[in-house]
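Enquirer: The structure's right below; bear with me while I get my questions together.
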Amino acid sequence: MNSYMKDWQKTLVSPTASIRETIQALDNSALQIALIVDAQRKLLGTVTDGDVRRAILKGLSLESAVQSIMNTAPTVLRDSTSTAHILNVMKRTRRHHIPLLNPQGIVVNLAVLDELIQSGERQNWVVLMAGGLGTRLRPLTEHCPKPLLKVGNKPVLQTIIESFREQGFTHFYLSVNYKAEMIEAYFGDGSAFDVNIRYLHEKERLGTAGALTLLPDVPTEPLIVMNGDLLTKVDYRHLLDFHVEHQAAATMCVREYDFQVPYGVVQIDNHRILGIQEKPIQRFFVNAGIYVLQPNLLSLIPKETFFDMPTLFEQALTEKRETVVFPIREYWIDIGQMADLERAKIEFFAQDE
């Protein structure tokens, strides 16, 4: 039997485990799938990273049993299946993982697409928006562009690029404006960071979508666009897979934002009181500044015009394009104000300990 995935046993989870415990298993295995098995290791179902994020969007408690969200009819193959056939099935079903079972339905291996093709490198372009003025971070940004401010011993933008590089992304465009020469001097062509970097020069502010009209060509693969002042532990491969799985034209990363009303909220019907809810917490999903776009969506962006990403999504909605959200459950912080910068210096690298 071929060994398709080392340490695949880390993906095994009991049906009574909580969604939170399953998230931990997903993270520990560094994969996007958990195999839900009984005591004899018989496969009962699967839970993917996407299943977990959809559960978050539905508002399910992370303490719920994982069997409540598992796929009870996953794609499976016999452990004797040839590699060529496994790859064919993966292509046809758009699966990145297929459990391999013996005749008794016992999990004996896990086929993983990246392992089978022996290539972790992604061809997708990554566009990082690095042209902001950083007004709220003055006086620090009077002599240094915000993306070059340091968290730990390196600039924020370097940490972002290195995070992408660790996940196999090597093709970058940096959209620059304010103190562009300092950013170009620091990163050059990217060779010092084992990546390829090209620059999009905004002569005037074009917005997070408008800057994409400066791309020299139309990409052939989905494009990742991200604000250059974010620090996050998001796995961009999971994001891309989620985008492809949902056949989306555009995917927006969102995060949960809680707001507590500081008063008792009175529920009324005309002049009658129906109830009083004391200091309720309102939960919203807000834009997290990371996007995936299909190449054909770029044609909706007007040239030489300020055009922000939310406007592009509104345009896509108007044209009935498939737009989806990817909820971030990982660490995320926007380096927008001095307090955020100080928080990031304490928190970001502590996440790895």
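Every number here is computed from the coordinates shown, using simple stated rules; none is lab data. These figures come from a predicted structure and were not determined experimentally. Cβ: placed from backbone, ideal geometry, glycine included. Neighbour counts: every protein chain shown.
Enquirer: Specify whether the C-alpha gyration tensor of the range 243-353 places it in the rounded, prolate or oblate class, a ≥ b ≥ c being the square roots of the eigenvalues: rounded for a/c under 1.5, otherwise prolate if a/b is larger than b/c and oblate if not.
Expert: oblate
Enquirer: Considering only DSSP beta bridges where both residues belong to the range 8-117, give the percentage that are antiparallel (nearest 5).
Expert: For the range 8-117, the DSSP antiparallel bridge percentage is about 75.
Enquirer: How much length is gained if the chain between Lys320 and Glu162 is pulled fully straight, taking 0.36 nm per residue apart and subtracting their Cα-Cα distance, in nm to one decimal?
Expert: 53.3 nm
Enquirer: Another question about this same structure. 7 Å from Cα along Cα→Cβ at both Glu347 and Asn71: what's the point-to-point distance in nm?
Expert: Those two pseudo-labels are separated by 3.2 nm.
Enquirer: Could you put His246, His271, His143 in order, starting from the residue whose Cβ has the fewest other Cβ atoms within 10 Å?
Expert: By the 10 Å Cβ count, ascending: His271, His143, His246.
Enquirer: Right, something else. Hey, got the dipole for the chain? About the Cα centre, +1 on K and R Cβ, -1 on D and E Cβ, debye to the nearest 20?
Expert: Using only the charged Cβ atoms, the result is roughly 560 debye.
Enquirer: Okay, next question. Of all DSSP beta bridges in the chain, what percent run antiparallel (nearest 5)?
Expert: Antiparallel bridges make up about 60 percent of those DSSP assigns within the chain.
Enquirer: Where in the chain lies the longest segment free of trypsin sites (Lys or Arg not before Pro) that are both loop residues by DSSP (not H, G, I, E, B) and have at most 10 other Cβ atoms within 10 Å?
Expert: 59-202
Enquirer: Using a Gaussian network model of the chain with C-alpha springs under 10 Å, which one of Asn153, Asn71, Asn287 is most mobile by mean-square fluctuation?
Expert: Asn153
Enquirer: Here is a follow-up. Listing Phe307, Phe326 from the residue with the fewest other Cβ atoms within 10 Å to the one with the most, what is the order?
Expert: Phe307, Phe326
Enquirer: Mind jotting down the distance between the C-alpha centroids of the range 11-78 and the range 166-241, whole Å?
Expert: 34 Å
Enquirer: Also, I was wondering about something else. Which residue, chosen from Leu100, Met129, Leu240, occupies the Cα position most advanced towards the positive end of the dipole of the chain, where the dipole is computed from +1 (Lys, Arg) and -1 (Asp, Glu) charges on Cβ about the Cα centre?
Expert: Going by the charge dipole, the pick is Leu100.
Enquirer: Follow-up. Using Cα positions and a limit of under 30 Å, work out the lysines in reach of Lys146, with same-chain residues fewer than 8 apart set aside.
Expert: Lys154, Lys179, Lys203, Lys233, Lys303, Lys345
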